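Participant: This structure is in C-alpha cells; I'll ask about it shortly.
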Amino acid sequence: MSLVIKIRQITRDFRMGGEILKVLKGLDLDIERGEYVALMGPSGSGKSTLMNILGCLDTPTSGLYELNGANVSQMSDDDLAEIRNKEIGFVFQTFNLLPRTTALDNVALPMIYAGVGKADRIKRATEVLHDVGLADRMDHKPSELSGGQRQRVAVGRALVNKPSIILADEPTGNLDSKTSEEIMLLIDAIHQAGNTVIVVTHEEEVASRAKRIIRLRDGQIESDTKGVLVNG
C-alpha cells in the first residue's frame with residue numbers, strides 16, 4: 001500500500017494575547033491509500049486543528065506533512081488552494097452549499113477552479129448526482145432540498161474532482177438518526193469504491209464504521225487502532 005498522508009512531528013501553536021497555546025504537540029501519523037479512518041477526541045483535543053492541517057486549510061508551526069509525496073507543510077496559500085481543490089474532497093456538517101445555485105452547479109463548482117470545460121463539468125456533475133441518488137433533484141436549489149439531500153449534494157461536490165482523500169467533518173451533525181444512517185451508508189460506499197476516507201466525529205456510532213480509530217487528547221495521539229480489527 002502507498003501512503004497518501006505522512007506526518008512527522010507536527011506542531012501547531014496559536015498566539016492568544018501574550019501567551020502561546022500549544023494545540024498539537026509533535027504528532028506522527030501515516031494513512032495509507034484506501035483506508036477508512038475516524039478521528040476522535042474531546043473538545044480541545046486538537047482534532048479540528050489536525051483536520052484543518054490535513055485538509056490544507058492551515059499549515060503547521062513545525063514538522064513535516066506530505067500529501068501524496070508532496071511536502072505541503074511549507075506551501076504558499078495559492079499552492080495550498082490548488083492542492084485542496086485537486087486532492088481533497090470536503091464534506092462539512094453545515095453543508096456549505098451556495099444557496100442560489102442548483103444542485104448540479106454546486107457539485108460542478110470545484111471543476112471550475114480546476115479549469116474543466118463546461119460540457120465536461122455538466123457531464124461529470126450529472127454522473128456524480130446519479131451516484132449519490134439525486135438524479136431527480138439536479139435543478140433544485142438547497143432551500144428546496146431536505147437536510148439529507150443537501151448533504152448528498154455536498155458529498156457529490158466532494159467526489160467530483162476524484163480527490164485523493166474525502167475529509168468529512170461531523171457529516172451527520174445536523175441530521176436526524178435515519179438520515180444520518182443514509183449518509184453514512186453513502187460514505188461507506190465511497191470507501192468501498194476505493195477512496196481514502198477520514199471522518200472527524202464525536203459520535204462513537206459513526207466512528208465504529210471506520211476500519212481505524214485515532215483518538216486525540218491534549219494535542220497528542222492517545223490511541224490508534226491501526227492493526228486492530230475494529231468492527232469485524
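Participant: For Met1, work out the one condition from (1) of a type in the set (A, V, I, L, M); (2) at pLDDT 90 or above; (3) not in a strand (DSSP E or B) it doesn't fulfil.
Facilitator: (2)
Participant: Can Arg157 be described as closer than 30 Å to Lys6 by Cβ, in contact (Cβ under 8 Å) with a residue 40 or more places away in the chain and not in a helix (DSSP H, G or I)?
Facilitator: Judged against the criteria, Arg157 is not a match.
Participant: Right, here's the next one. Residues in the stretch 52-72 that are surrounded by fewer than 19 Cβ atoms within 10 Å (Cβ to Cβ), under 18 Å from Thr11 (Cα atoms) and touching a residue at least 40 places away in the same chain (Cβ under 8 Å): how many?
Facilitator: Number satisfying all stated conditions: 6.
Participant: Would you mind telling me which numbered condition in (1) in contact with a strand residue (DSSP E or B) (Cβ under 6 Å, 6 or more places away or on another chain); (2) outside any strand (DSSP E or B); (3) modelled with pLDDT of 90 or more Lys25 fails?
Facilitator: Checking Lys25 against (1) in contact with a strand residue (DSSP E or B) (Cβ under 6 Å, 6 or more places away or on another chain); (2) outside any strand (DSSP E or B); (3) modelled with pLDDT of 90 or more, the one that fails is (2).
Participant: Would you say Val91 is assigned to a helix (DSSP H, G or I), β-branched (Val, Ile, Thr), touching a strand residue (DSSP E or B) at 6+ places or on another chain (Cβ under 9 Å) and crowded, with 17+ Cβ neighbours inside 10 Å?
Facilitator: no
Participant: Out of the residues in the stretch 162-210 that are of a type in the set (A, V, I, L, M) and part of a loop (DSSP other than H, G, I, E, B), state the one that is surrounded by the fewest Cβ atoms within 10 Å (Cβ to Cβ).
Facilitator: Ala193
The values are calculated or read from the model by the stated rules, or taken from the named source; none is laboratory data. Predicted, not measured: the structure shown is a model, and the values here were computed from it. Cβ coordinates were reconstructed from backbone atoms using ideal geometry, including for glycine residues, and neighbour counts include every protein chain displayed.
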